[in-house]
1. Let me see the P(r) profile for the range 43-142: every Cα-Cα distance counted, bins of 10 Å, each bin given as a percent of all pairs.
2. For the pair Q91/T16, report the inter-label distance in nm, with labels modelled 7 Å from Cα in the Cβ direction.
3. Given labels modelled 7 Å from the Cα in the Cβ direction, how far is it in nm from S195 to Y177?
4. Can you give the accessible area per residue of the range 95-166, in Å², using a 1.4 Å probe?
5. Over the range 173-239, give the accessible area per residue in Å² for a 1.4 Å probe, as an integer.
6. Run a plain Debye calculation on the range 210-310 (Cα atoms as equal point scatterers, no solvent) and give log10 I(q)/I(0) at q = 0.24 Å⁻¹, rounded to two decimals, same order as the q list.
7. Taking the Cα atoms of the range 15-67, report the difference between the largest and smallest coordinate on each principal axis, in whole Å and largest first.
8. So if each residue of separation counts as 0.36 nm, and I subtract the Cα-Cα distance between F73 and L100, what length gain in nm does that give?
Amino acid sequence: MINGLNAGGQRIRSLTTRGILVPLKFTLGTSAAIVKAVPLLLVDLLNEDGVTGRAYAFCYRPSGAVAISSHLFEAVDLLRGKDSTPFDAAQTLSRQFALLGVTGAVRMALSLLDMAMWDAIAQMQRVPLSSLLGSSPKSLRAYDSRGLGLMDPDRLTEETKNLLESGLRAVKLRLGYPSLSEDLAALKAVRRSISRDDIEIMVDYNQALTSTEAILRGRELEKEGIYWLEEPIAHDDYVASAAIARELKVPIQTGENFNGPEGLLRAVNARASDYVMVDVARIGGVTGWLRAAGVGAAHGIEMSSHLMPEISTHLLCATPTAHWLEYVDWADAIIEEPLKIRDGMVLTSGRPGSGISWDEAKLKRLETI
């Protein structure tokens with residue numbers, strides 16, 4: 001029972017998915033790719049009570065949206081006609097997809113289904129998702145992750161000023177230039193463009209370095225007062241990541257690629273990072289996030305979010321070791337009520353459910369997948 005509601009009371013009637021490409025306001029150059037538009041998959045899950053649960057996820061590649069959608073329809077067929085709770089559905093579907101592997105597109109499909117189911121439950125209770133999870137909508141500390149890709153220092157300076165107009169008090173800088181000197185030049189360009197002392201800079205390498213290079217560059221970067229060093233090496237090399245964390249003073253951040261709560265637990269047990277950040281579409285949806293948050297709380301490790309801030313706000317509200325929200329405005333192009341920023345904080349929606357509802361007029365202007 002959650003707030004008096006038996007979370008098992010819904011039967012799925014139908015599923016609708018839509019793949020779309022959203023152009024970015026800030027071209028995002030990382031060590032892995034140059035991103036000008038992001039593929040998103042939108043999900044509408046109608047239950048027999050006439051309530052539609054909604055969710056969306058960043059799919060990395062247009063083909064990802066197609067694959068995830070295919071897995072979603074199969075998953076819904078496996079549940080059709082049954083009274084399903086998010087917890088029971090997660091157990092059933094994990095078993096059904098076990099031989100294929102509950103990872104990648106399969107994991108994201110099951111996560112999206114879970115997110116939509118929880119959204120519907122909260123709507124039926126007429127409460128925000130954060131309240132359904134035992135918390136309440138809050139103002140959250142957030143960093144701006146929309147830009148600051150790999151580019152020349154002059155452009156970084158200008159883009160930093162544009163990003164800070166949002167009012168947030170932290171930004172993420174992508175690094176991974178061919179040399180350490182170029183990384184330092186980029187960081188110093190961003191630092192010079194910040195006039196306030198209370199603005200933090202997070203640094204993300206997107207898995208670009210070797211372990212040796214990560215330690216070498218990390219020792220120089222930490223002298224510049226960065227807040228964290230994110231994914232300097234391959235995300236799943238927990239042994240090497242733990243060695244880097246021991247060598248450096250700056251905190252190591254990792255976790256956006258955790259495959260389910262089990263991935264987080266393995267990383268925590270290996271002491272692979274000082275902080276963790278969880279992607280709701282890779283961790284197992286709301287159900288997976290709650291389990292991951294329990295692991296984080298038990299180990300006293302601070303937990304941030306990765307993308308999908310509209311639902312991640314609710315989940316961070318209910319996370320005992322909540323740290324930072326990663327803010328992007330990608331969904332502003334598809335939803336009726338974008339997230340609001342006030343006094344340097346992102347406000348969690350107080351609408352029933354996750355607060356996500358599609359703006360059909362906006363969607364008509366976007367390219368479909």
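1. 15, 43, 31, 11, 0
2. 3.3
3. Between S195 and Y177, the simple spin-label model gives 2.5 nm.
4. Result: 41 Å² per residue.
5. Values: 3000 Å² over 67 residues.
Each residue of the range 173-239 exposes 45 Å² on average to a 1.4 Å probe.
6. Ignoring solvent entirely, the Cα scatterers give -1.21.
7. The Cα atoms of the range 15-67 stretch 46, 23, 14 Å along the principal axes, largest first.
8. Stretched out fully, the F73 to L100 stretch lengthens by 8.2 nm.
The values are calculated or read from the model by the stated rules, or taken from the named source; none is laboratory data. As the structure is a prediction and not an experimental result, all values here were calculated from the model. Neighbour counts are summed over all protein chains in view; Cβ atoms, including those assigned to glycine, are modelled from backbone coordinates with ideal geometry. Protein only, heavy atoms only, side chains kept; ligands, DNA and RNA dropped before computing areas. Shrake-Rupley method; radii C 1.70, N 1.55, O 1.52, S 1.80 Å.
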